[in-house]
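First the structure, in the form of structure tokens, and then the observations on it.
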Amino acid sequence: MSMFKEFAMPPLVLTVIAAVVTGALVATESVTTPIIEQQAAAAADAARAVVLPSADSFTQVTVDEMPEGGVDIYEANNGTGYVVTAQAKGYGGMLKVMVGIDSNGLISGTEVLENNETQGLGSKVSEHAFMDQYIGKDSTLEGIETISGTTISSNAFSKAVQNAYQVYGVAAGVEVAGTQRDPITDEVKAELFPNVTSFQKYAVEGEAYKAGDEGYIVVTSNAGFAGDVTTAIGFDLNGAITGVVFTETSETQDYGEQYTRASWKDAQVGKTSADELDLISGATVTYDALKLNFTEAFEMLPTLADASLEYEGTAEGYNGTMTVAVGIDSTGAITSVRLVDSADDFASKVSDEAFTSQFVGKTSTDGISTISGATVSSTAFIEAVNNALAAQKGA
Amino acid sequence: MKKNKLSILTNGIIKENPVLVLVLGTCPTLATTTSAINGLGMGVAATAVLVFSNLLISLLKSVIPDKVRIPCYIVVIAGLVTVVQMLVQAYAIDLYNALGVFLPLIVVNCIILGRAEMFASKNSPLDSALDGLGMGMGFTLTLFMMGSIRELLGSGSIFGVSVLSTPIAIFGVAPGGFIVFGCLVALVNKITEGKAIKKKEFSCADCPVASVCGQSKLACEKGEC
């Protein structure tokens, strides 16, 4: 074989073949890409229609600062609501969910777009048997049940829906209430301050308590590795940590879980800043969540000295007992009112700002107008507030 | 040896079934046979690629120098699979979603490269195309059979329609796949009475890289390769 044939021909032939193949690929791509994109858009629109059946067609809404986990948001052209695509970290990757939110802020439907969860377990969150419970719920997602054995995947789905609500809130310009967390139990309070008999709740954004004359308890929560990490932190009157109780955590055994052990918790006593927290190597994500919890708690501490305490009052409403929590400051003036519990059908009406704002600044309920069409419920509300005021005077 | 056209075609179905006799393409076989329809879809897609790759490589066999034949085959096969992938995504989106990652994985399906090397590089385009079709049919048939068995036993359904209420889950995952695979290999062995493929003595001359192997011919003949 000549030098040319033996050494130059082979790479030359390979190059020519590669060039021809590349040409064929480019040609095919230019033909198929428009079709594929069109199909994807049609499929997405079809999915949106399933999730918000009352809509006719959609227009995308541009959001300048997309909240965390938000992918996109489309508004129904006939004004019946929005469809948000949002995601949250699941067990096997990002769980992408499409959520339909109607004009009342309630969920009209959900669909999972991307599910990489474990087959037979987390994959079930894509099934309607699980997703149907979300229909009709509002942003607080009260009463949602997870699928047993799929904590992380189910929590990821809920988180994705919450993220969707955040995007909706920005685009529609509405306030979106977060999920309600159960307040800490008396056992938790006793664990942090065994000698205190009376704990009073502060009327602030978040959850904080006055622990008698000994100090404060602040409850904060942030997303950890396998779900939310919620801590109740005890502080003394100088703002130093007295104790930590984990009220919600599913962090990995021997990794993030180590923070819940007495050895770590006891070591943080006396510290006055979140930067002083001890880091356990190999459990950084949990540490980040804890640091946020502590930072937020430390930030809240100075505000508690002047904050109003919450007093509860009850009264008989339309369908049963109504419980109201009233924030009253040291002068006896109302700073806030909040409906805690009510079986009334008109509960949403008494939570309306136009009604509740009447109470702020007053030291009695004289002159508060009831809501027309909800007389019994609003009268009960006023009576409950009165009882709360009385409780404060007597306290 | 002039093979009769029909025998080339039927060769791939039992006698030299690529999955059960030549034991090629085991990976996509186990992965896509969780249901009959997936196995069928994979088989049809692979057959399309096989026919055209065999045809192309046979047409180019006199042009491709021996030294670079493997890279050349791979470029052709990869290009072909990518074109098929784009066409399937544009015109058969349901099949595309069902096959998922296994469509692009046809590139590394040993059957394609194996037949290019074993047959297409040494035979006429028409014969090669027929061989591709036969091998593809054998592959599809095997995948369909395995898929049906595993779907029926593992999920209790036939083509997605539930018929059994107590499936045996292990057949839906790898261990069960291997069990079914082994049983089918045994079955084929029985049918062909163990004479399916002539057991060749593998000597240096049969080695695919013989032409570039550095070993001296003498050592090779002594069997010291």
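The values are calculated or read from the model by the stated rules, or taken from the named source; none is laboratory data. A quick note: this is a predicted structure, and the numbers were derived from the prediction, not measured. Glycine also receives a Cβ, built like all others from the backbone with ideal geometry; neighbour counts cover every protein chain displayed. Each accessible area value is taken on the protein alone, full model and side chains, heavy atoms only, with ligands, DNA and RNA left out. Shrake-Rupley method; radii C 1.70, N 1.55, O 1.52, S 1.80 Å.
Does region B:35-68 hold any residues that are facing chain A (nearest Cβ under 10 Å) and not in a helix (DSSP H, G or I), and which are they?
The answer is B:Val63, B:Ile64, B:Pro65.
When you scan region A:129-139, do you find a residue that is under 23 Å from B:Gly154 (Cα atoms) and surrounded by fewer than 16 Cβ atoms within 10 Å (Cβ to Cβ), even just one?
yes
Is it the case that region B:96-119 has a residue that's within 14 Å of another protein chain (Cβ to nearest Cβ), part of a helix (DSSP H, G or I), over 30 Å from B:Ala186 (Cβ atoms) and in contact (Cβ under 8 Å) with a residue 24 or more places away in the chain?
The answer is yes, given that some residue of region B:96-119 is within 14 Å of another protein chain (Cβ to nearest Cβ), part of a helix (DSSP H, G or I), over 30 Å from B:Ala186 (Cβ atoms) and in contact (Cβ under 8 Å) with a residue 24 or more places away in the chain.
Applying the selection to region B:24-55, what residues are free of Cβ contacts under 8 Å to residues at least 60 places away in the same chain and either touching a strand residue (DSSP E or B) at 6+ places or on another chain (Cβ under 8 Å) or within 17 Å of B:Phe178 (Cβ to Cβ) (or both)?
none
Would you pick out the residues in region A:230-269 that are closer than 25 Å to A:Leu304 by Cβ and at pLDDT below 85?
A:Glu248, A:Thr249
Kindly evaluate A:Phe381 against the criterion of being in a helix (DSSP H, G or I), open to solvent by less than 70 Å² (accessible area, probe 1.4 Å) and at pLDDT below 85.
no
From A:Glu37, A:Glu29, grab the single residue that is facing another protein chain (nearest Cβ under 7 Å) and open to solvent by 60 Å² or more (accessible area, probe 1.4 Å).
After applying the criteria, what remains is A:Glu29.
Name the pairs: first residue in region B:58-76 and within 21 Å of A:Gly23 (Cα to Cα), second residue not aliphatic (A, V, I, L, M), Cβ to Cβ under 6 Å, at least 6 apart or on different chains?
Every condition considered, the pairs that remain are B:Ser58/B:Pro125; B:Ser58/B:Ser128; B:Leu59/B:Pro125; B:Lys61/B:Ser121; B:Ile64/B:Cys72; B:Val68/A:Pro10.
Considering every residue within region A:249-267, establish whether at least one is open to solvent by less than 10 Å² (accessible area, probe 1.4 Å), in a loop (DSSP other than H, G, I, E, B), of a type outside the set (Asp, Glu) and not assigned by TED's automatic domain parsing to the domain that holds A:Tyr91.
No, every residue in region A:249-267 fails to be open to solvent by less than 10 Å² (accessible area, probe 1.4 Å), in a loop (DSSP other than H, G, I, E, B), of a type outside the set (Asp, Glu) and not assigned by TED's automatic domain parsing to the domain that holds A:Tyr91.
Any idea how many residues of region A:107-161 are not in a helix (DSSP H, G or I) and not polar (S, T, N, Q)?
Selection size over region A:107-161: 21.
Read through the list (1) farther than 20 Å from B:Leu126 by Cα; (2) buried (at least 23 other Cβ atoms within 10 Å of the Cβ), then give the number of the only condition that B:Cys27 fails.
Among (1) farther than 20 Å from B:Leu126 by Cα; (2) buried (at least 23 other Cβ atoms within 10 Å of the Cβ), B:Cys27 violates only (2).
Which pairs turn up if I take residues in region B:1-23 that are among the acidic types (Asp, Glu) and look for partners that are at pLDDT below 80 and surrounded by fewer than 20 Cβ atoms within 10 Å (Cβ to Cβ) with beta carbon separation below 9 Å, at least 6 apart in sequence or on another chain?
That search, which allows pairs on different chains as well, returns B:Glu16/B:Ala196; B:Glu16/B:Ile197.
Mind telling me which of the residues A:Ala354, A:Ala325 ends up being loosely packed, with under 14 Cβ neighbours inside 10 Å, outside the structural domain of A:Glu205 (by TED's automatic domain parsing) and not in a loop (DSSP other than H, G, I, E, B)?
Exactly one residue qualifies, and that residue is A:Ala354.
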